[in-house]
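Below: the structure, in structure tokens.
The values are calculated or read from the model by the stated rules, or taken from the named source; none is laboratory data. Please read these numbers as outputs of a predicted model, since none were measured by experiment. Glycine also receives a Cβ, built like all others from the backbone with ideal geometry; neighbour counts cover every protein chain displayed. The protein model used for the area step is the full one, side chains on, heavy atoms only, and it has no ligands, DNA or RNA in it. Shrake-Rupley method; radii C 1.70, N 1.55, O 1.52, S 1.80 Å.
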Amino acid sequence: MSRIVPADSKHIALAAKSIAAGDLVAFPTETVYGLGGDAENDQAVAKIYAAKGRPSFNPLIVHVASLDAAAAYAALSPAAMILAQRFWPGPLTLVLPRLASCRLSLLVSAGMDSVALRIPAHPVAQALLQESGRPLAGPSANPSGRISPTSAAHVAEGLGDKVAMILDGGPCRIGLESTVVSLLEEVPQILRPGGISLEEIAAALGRPVTMAAQVGDVAEGLHGPGRLLSHYAPACAVRLNATEVAPGEALLAFGPHAPHAAVSRNLSPTGDLTEAAANLFAMLRDLDRPGIGGIAVMPIPETGLGIAINDRLRRAAAPR
Ligand code: AMP
Ligand code: MG
């Protein structure tokens, strides 16, 4: 059974209810179709990674309704304000510092202190944001490694059974991903070329902009900046596949049979990988504090979301 529905006001209202309930909805934007979930809800964001089958937690773009909504999550520098006023709503994503008070799931930032925000121009995306009142984490609505979808039928082919519904807004006008610009450093940097050119961005800012070295990612149909991302890493040493806890260590447990430890958090006492993904970054941060000699992490199954969880834990444990 196809979950494609017309993007009329009745179905947008139903979609908004699904989003508020923590479910996923595919929605059209002017760039490509997005796989949307409440960006403040850890479980909903974990479901996005699970649905796409991503082998790692790359950070996700968060779609917001307004500049005010963006300002509640990220620090908007003068350069950010110029680009926002010039190109929003539209195919531009800004990577900005997260505010301390930012309520977005840490999973959308893959544990980092930055967040990627965009106000989409598509009327259906706008209506869904308004109606739900939620920020929408929205990566392209395709299984990992496949081409981004530019029609509702493409979404149904790849992710049909993973979403509550697919809002059909017709083919995407641009059909190319948004341009991702990082404003984290002194010189603005294009992390991913897209619907708006480097020249247009440099002209709006009145100063030079650099293009990040692009890493070929043919399968995704785009050049992903994945390798350029600085990954979240705890200050503490991280030890994987731990079956017991050494003195001074904190425990990051998984499942019902956790060994005793003075300081411990359990990613999922029932052994649920979606719950574990939802808790991963917040619990790592919580354990990574002064006085902790290291973090011992119990084994996590290398299946489903466990693949992305283990990828991130291996990076955290890598010598540096
Ligand atoms: P997609 O979700 O498929 O549209 O792709 C999102 C793009 O934005 C990816 O290339 C991410 O690497 C990039 N991105 C999202 N959040 C961040 C961030 N906090 N820092 C750097 N790049 C980001
Ligand atoms: Mg994508």
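Observations, loosely collected:
- Taking the listed residues 96, 136, the one that is more than 26 Å from residue 12 (Cα to Cα), modelled with pLDDT of 95 or more and open to solvent by less than 30 Å² (accessible area, probe 1.4 Å) is 96, with no other qualifying.
- On the stretch given as segment 87-98, residues that are within 16 Å of ligand 2 (Cβ to nearest atom) and over 18 Å from residue 187 (Cα atoms) total 1.
- Enumeration of residues in segment 262-302 that are open to solvent by 30 Å² or more (accessible area, probe 1.4 Å), within 20 Å of the chain's Cα centre (by Cα) and not acidic (Asp, Glu): 273, 274, 279, 282, 283, 285
- Total residues in segment 39-48 satisfying the condition of being open to solvent by 10 Å² or more (accessible area, probe 1.4 Å) and outside any loop (DSSP other than H, G, I, E, B): the figure is 3.
- Residues that are more than 13 Å from ligand 1 (Cβ to nearest atom) and in contact with a strand residue (DSSP E or B) (Cβ under 6 Å, 6 or more places away or on another chain) within segment 28-46 comprise just one, 44.
- In segment 289-308, the residues that are assigned to a loop (DSSP other than H, G, I, E, B) reach residues that are open to solvent by 60 Å² or more (accessible area, probe 1.4 Å) with C-beta atoms within less than 8 angstrom, at least six apart or across chains, in these pairs: 293/237; 293/247; 298/241; 298/243; 299/241; 299/243.
- Test: residue 119 is open to solvent by 30 Å² or more (accessible area, probe 1.4 Å), within 15 Å of ligand 1 (Cβ to nearest atom) and β-branched (Val, Ile, Thr): no
- Residue match in segment 231-244 (condition: modelled with pLDDT under 95 and within 14 Å of ligand 1 (Cβ to nearest atom)): yes
- When 177, 199 are checked against the criterion of being under 18 Å from the mean Cα position of the chain (by Cα), acidic (Asp, Glu) and either modelled with pLDDT under 95 or more than 16 Å from ligand 2 (Cβ to nearest atom) (or both), a single residue qualifies: 177.
- Looking at 206, 170, 145, just one residue is more than 14 Å from ligand 2 (Cβ to nearest atom), open to solvent by less than 50 Å² (accessible area, probe 1.4 Å) and on the phi > 0 side of the Ramachandran plot, and that residue is 170.
- Within segment 99-112, considering residues that are at pLDDT below 95 and more than 16 Å from ligand 2 (Cβ to nearest atom), the one least open to solvent (accessible area, probe 1.4 Å): 111
- Residue within segment 93-100 that is under 30 Å from residue 156 (Cβ atoms) and under 15 Å from the mean Cα position of the chain (by Cα) present: yes
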